[in-house]
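Accompanying notes for the structure given below.
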Amino acid sequence: MMTENPEPLFKLDKYQRAAKFESPFYQQDILSVSQFSKDEIDYIFHRADEMLDMCRRRGTCDLLKDYTLACVFYEPSTRTSSSFISAMVRLGGRVIPITEGIQFSSVSKGESLIDSMITLEQYCDVIVLRHPEIGSSATAAKYVQVPIINAGDGAGEHPTQALLDLYTIKSEMGTLDGLKVAMVGDLRFGRTVHSLTRLLSQYDVSLRFVSPDPLRLPLDLMNDLIDKGVKVRETNKVADVIENADVLYVTRIQKERFTDLAQYEEVKNYFEITPELMEHAKQKMVVMHPLPRVGEIHYKVDRDPRAAYFRQVQNGLYIRMALLAAVLGQA
Ligand code: NCD
């Protein structure tokens, strides 16, 4: 439950902080991809490269040994929560994990999100938050001093996933510019699609959107892309995009966001990426998925070298290490 407290806290703006510390993210909330400039994205990617190198050479370090992360998930998660925990542990920090015990926390007694956040900030230096309501992280960020990292706010955004997706595209394809990216699946409720689309719109890419009619990309997002001059096309058949796509970004139909389950039943088996379909794809392309998959990609595709979804999972660790170090001023 979200209740508005009357007076939001004052926070220093990012340039006041950046003047003192090298990281442009020092003590900043990470709420939406709209906050990132291209230079800031490069900065995070550069730090992620360093984290990858450190993990391969040593595995852990003590960069964040004086810091504690509260990892708070009001919705299910495997990758996002465990990669944030692993990121903090590999950097020598500590974690308060509230990831599987919401029913044992005071939320189950009806405590508001803001009261829970104000409580947790007394014990930690940064909060990672996943919550089912759009805008929940932004609201929480108004009332706590420690940085809030949005790990998914309902059907809104998932900025850290988008950063790791973009990092994966760049490392797999060698560049971002000139790529044809096809987004497939639940474009209406899929927050990873919303964030990645916004992030990609800063680059010279063309975007193809493939979904059943009821799950098309939200109109405001589509209009923003058109206003920015991004080349976009919509279709409801994967066959229309498979031959030309450099990146096929596949997503799950977000069952939990449907108010009418009969509508979910109609679209749930809408498509599947199979080895036969992959025969029509370019030799140099990648298939990505934020995971979990529930039937959108056949398991046999996993053996195809173009299947990048588990490499994508690994990149999530380095990006989240980079982000934690950056917001705590240790990057
Ligand atoms: C996604 C999410 O939670 O939005 N998963 C993730 O964080 N890797 C995608 C999904 O749940 O379908």
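Based on a Kirkwood Rh over C-alpha pairs, give the Stokes-Einstein translational diffusion coefficient of the stretch 161-223 at 37 °C and viscosity 0.692 mPa s in µm²/s. Calculated translational D: 273 µm²/s. Packing here is the average count of other Cβ atoms within 10 Å per residue, and on that basis the peptides 188-200, 230-242, highest first, run 188-200, 230-242. Between LYS237 and ALA262, the FRET efficiency estimated from the beta carbon spacing at R0 = 30 angstrom works out to 0.80. The charge dipole of the stretch 48-97, taken about its Cα centre with unit charges on the Cβ of Lys, Arg, Asp and Glu (plus for the first two, minus for the last two), comes to roughly 200 debye.
For the options LEU261, LEU225, LEU187, a Gaussian network treatment of the chain with springs between C-alpha atoms closer than 10 Å singles out LEU261 as fluctuating the most. Residue-wise HN-Hα couplings along the stretch 65-75, as the Karplus relation 6.51 cos²θ - 1.76 cosθ + 1.60 with θ = phi - 60° gives them from phi, are 5, 8, 10, 10, 10, 9, 10, 10, 10, 8, 9 Hz; Gly and Pro carry x.
Rounded, prolate or oblate: pick one for the stretch 183-257, where a ≥ b ≥ c are the square roots of the eigenvalues of its C-alpha gyration tensor, a/c under 1.5 means rounded, and failing that, prolate if a/b is larger than b/c, else oblate. Cα axes put the stretch 183-257 in the oblate bin. Multiplying each eigenvalue of the alpha-carbon gyration tensor of the chain by 5 and taking the square root yields semi-axes of 32, 23, 19 Å, largest first, rounded to whole angstroms. Compactness ratio for the stretch 60-168: Cα radius of gyration over 2.2 N^0.38 Å (N = residue count) comes to 1.03. For the stretch 214-331, the square roots a ≥ b ≥ c of the C-alpha gyration tensor eigenvalues yield an a/c under 1.5, which makes the shape rounded. In summary, the stretch 133-292 shows an alpha-carbon radius of gyration equal to 1.05 times the 2.2 N^0.38 Å reference for compact globular proteins. Residue-wise HN-Hα couplings along the stretch 286-293, as the Karplus relation 6.51 cos²θ - 1.76 cosθ + 1.60 with θ = phi - 60° gives them from phi, are 10, 9, 10, 7, x, 6, x, 9 Hz; Gly and Pro carry x.
Among LEU187, LEU113, GLY92, which residue has its Cα positioned farthest towards the positive end of the charge dipole of the stretch 67-190, with +1 placed on the Cβ of Lys and Arg, -1 on the Cβ of Asp and Glu, and the dipole taken about the Cα centre? So the residue we want is GLY92. Listed by chain and number, the aspartates and glutamates whose alpha-carbon sits under 18 Å from that of LYS170, ignoring those within fewer than 8 places in the same chain, are ASP39, GLU40, ASP42, ASP49, GLU50, ASP53, ASP204, ASP246.
Shape descriptor for the stretch 198-240: Rg over Rh equals 0.96 (Cα atoms; Rh from the Kirkwood inverse mean 1/r). The angle separating the long axis of helix 159-173 from the principal Cα axis of greatest extent in the chain is about 50 degrees. The residue among ILE297, ILE273, LEU317 whose Cα reaches farthest toward the positive pole of the charge dipole of the stretch 240-321, with charges on the beta-carbon of Lys, Arg, Asp and Glu, is LEU317.
Report, in debye and to the nearest 20, how large the dipole of the stretch 186-304 comes out about its Cα centre when Lys and Arg carry +1 and Asp and Glu carry -1 on their Cβ. Computed about the Cα centre, the dipole is about 280 debye. For the pairs LYS180/LYS255; LYS38/LYS282; LYS237/LYS282; LYS38/LYS65, flag any whose C-alpha to C-alpha distance is greater than 21 Å. Over 21 Å Cα-Cα: LYS180/LYS255; LYS38/LYS282; LYS38/LYS65. Spread over its residues, the convex hull of the C-alpha atoms of the stretch 288-331 is 69 Å³ per residue.
As I understand it, the value is the acute angle between the Cα axis of helix 79-90 and the longest principal axis of the Cα atoms of the chain; what does it come to in degrees, rounded to 10? On a 0 to 90 degree scale, this one is about 50. Each part reduced to its alpha carbon centroid, the stretch 249-302 and the stretch 175-208 end up 16 Å apart.
A short reminder: the numbers here are calculations on the coordinates, not readings from a lab. Here the structure is a predicted model, which means the values were calculated and not measured. Reconstructed Cβ throughout: ideal geometry from the backbone, glycine too, with neighbour counts over all protein chains shown.
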